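Every read-out reported here was derived from the displayed coordinates using simple, explicitly stated rules and does not represent laboratory data. These figures come from a predicted structure and were not determined experimentally. Ideal geometry is used to build each Cβ from the backbone, glycine not excepted, and the neighbour counts take in all protein chains shown.
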Amino acid sequence: MISPLRMIYLALAMWGAVHPMWWFVRHMRETGTGLSGLIDAWYVNASTTGLTWDLTIAAIALCLWIIAEVSVRRNWAALVAIPATFGIGVSCGLPLYLFLRTRPV
């Protein structure tokens, strides 16, 4: 049985995968620029550039933490949170890792 905390982590991972992606797809449809236009929008002003760097640094720190813990805990399945972090975002990768990390051993 999944604990309530693990269910919350899983729900946050799903929300973190779907909700930001909805906005990204909406932007790409409205501008017609595709992925390159989306990436350009991340650097359109100082505010978005700062946010982009903030999330990039958080993603790198999360991945280092995942690698360090996986090497000790041998929870190899938790490595799936790394591509989720860089392919979807920290809003998915972090709760996904917490969900995978808190599984019963």
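Summing Lys and Arg as +1 and Asp and Glu as -1 over all other residues whose Cβ lies under 13 Å from the Cβ of Val80 gives a net charge of +2. Local charge for Ala13 was computed over the other residues whose Cβ lies under 15 Å away, with Lys and Arg +1 and Asp and Glu -1, and equals +3. For the chain, find the longest principal axis of its Cα atoms and tell me its angle to the long axis of helix 90-101, 0 to 90°, nearest 10. That works out to roughly 10 degrees. For the stretch 52-105 and the stretch 10-27, what is the separation of their C-alpha centers, rounded to whole Å? First find each Cα centre; the distance between them is then 17 Å. Helix 46-73 and the longest principal axis of the C-alpha atoms of the chain enclose an angle of approximately 20°.
All other residues whose Cβ lies under 15 angstrom from that of Trp65 are scored, Lys and Arg at +1 and Asp and Glu at -1, for a net of +1. In the chain, Rg over Rh equals 1.05, where Rg is the alpha-carbon radius of gyration and Rh the Kirkwood radius from pairwise Cα distances.
Between Leu38 and Trp76, the C-beta separation translates, for a Förster distance of 30 Å, into a calculated FRET efficiency of about 0.40.
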